[in-house]
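Down below is the structure, laid out as structure tokens.
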Amino acid sequence: KSGTATNPNPISFLTLFRRKKSSLAWFTLAQAMQKLSTPTESLSSVTTFHIQQVLQWNPIEYGRILMVEGFSWMCGSRFTKKLLPLLGDQRFVLMCNVAAALAFGLRALARDCGRKARALFLLSLVPMLAANQKCVVVDAAAVDAAVASGMGRGECSAALANINAVIYIVAPPLWASLYKKYKFLPFYCAAGITLASQIPYYLGKRAAANGD
């Protein structure tokens, strides 16, 4: 039984894995992997460390970068509206995942405060146009699968919000510990997780197509 307002359940997201439809479990796993590797949320603290300690940009310069990231997020919604119908769900998600991995890879290569390293980091803002949209389709697929399994949209949204909250609690110390071991390791790991999330998404699509 999932939690209620008077008796909250901190692990109510497990409901998403206990439904009869396997597509819901696959979409939920894909969604969780993507949230874990979200560039502007889960990895925000590591990005801040990277900018301040490695690239050595001052607070004003960092503020400008955040402004550009916010602008790319805003433009990404228009990008999604035009390309999603053209490419279809699976190709669009793949494109966004590859773009996110590319952004992480470019940031991992920015290893000092020289002009080349700074240029690589700035170049990573370009694929962010697509990278920031990588969760949109997967979130919608998870909700649709939950409704097909008999859950209400509100119940599903609450469960997804619950798993996101857990991820945002776990992610900062996880990425910080990896950063402590090797400053560029979080970016490589995030790229790998992002690309790997395509697998459960594909399996979810295949299960949904078979009515599961």
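The values are calculated or read from the model by the stated rules, or taken from the named source; none is laboratory data. Just so it is clear, the structure is predicted and the values come from calculations on it, not from any experiment. Backbone-built Cβ (ideal geometry, glycine too); neighbour counts: all protein chains shown. For accessibility, only protein heavy atoms count, side chains too; no ligands or nucleic acids. Shrake-Rupley method; radii C 1.70, N 1.55, O 1.52, S 1.80 Å.
Values for this structure:
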{"quantity": "Odd one out for Gln133, checked against (1) open to solvent by 20 Å² or more (accessible area, probe 1.4 Å); (2) at pLDDT below 90", "calculated": "(1)"}
{"quantity": "Residue ranges of helices (runs of 4 or more DSSP H) in region 11-82 with at least 2 members within 23 Å of Ala190 (Cα to Cα)", "calculated": "22-36, 44-49"}
{"quantity": "Region 111-130 - residue that is in contact (Cβ under 8 Å) with a residue 60 or more places away in the chain and within 21 Å of the chain's Cα centre (by Cα) and, of those, most open to solvent (accessible area, probe 1.4 Å)", "calculated": "Leu125"}
{"quantity": "Counted residues, region 164-212 - those being under 21 Å from Phe17 (Cβ atoms), at pLDDT 90 or above and in a loop (DSSP other than H, G, I, E, B)", "calculated": "1"}
{"quantity": "Given (1) of a type in the set (A, V, I, L, M); (2) more than 14 Å from Ala190 (Cβ to Cβ); (3) open to solvent by 50 Å² or more (accessible area, probe 1.4 Å); (4) under 15 Å from the mean Cα position of the chain (by Cα), number of the condition Leu160 does not satisfy", "calculated": "(3)"}
{"quantity": "Near pairs, Cβ below 7 angstrom, 6+ apart or cross-chain, from region 21-32 (crowded, with 24+ Cβ neighbours inside 10 Å) to any residue that is not in a helix (DSSP H, G or I)", "calculated": "Ser23/Asp212; Leu24/Ser149; Ala30/Ser197; Gln31/Cys135"}
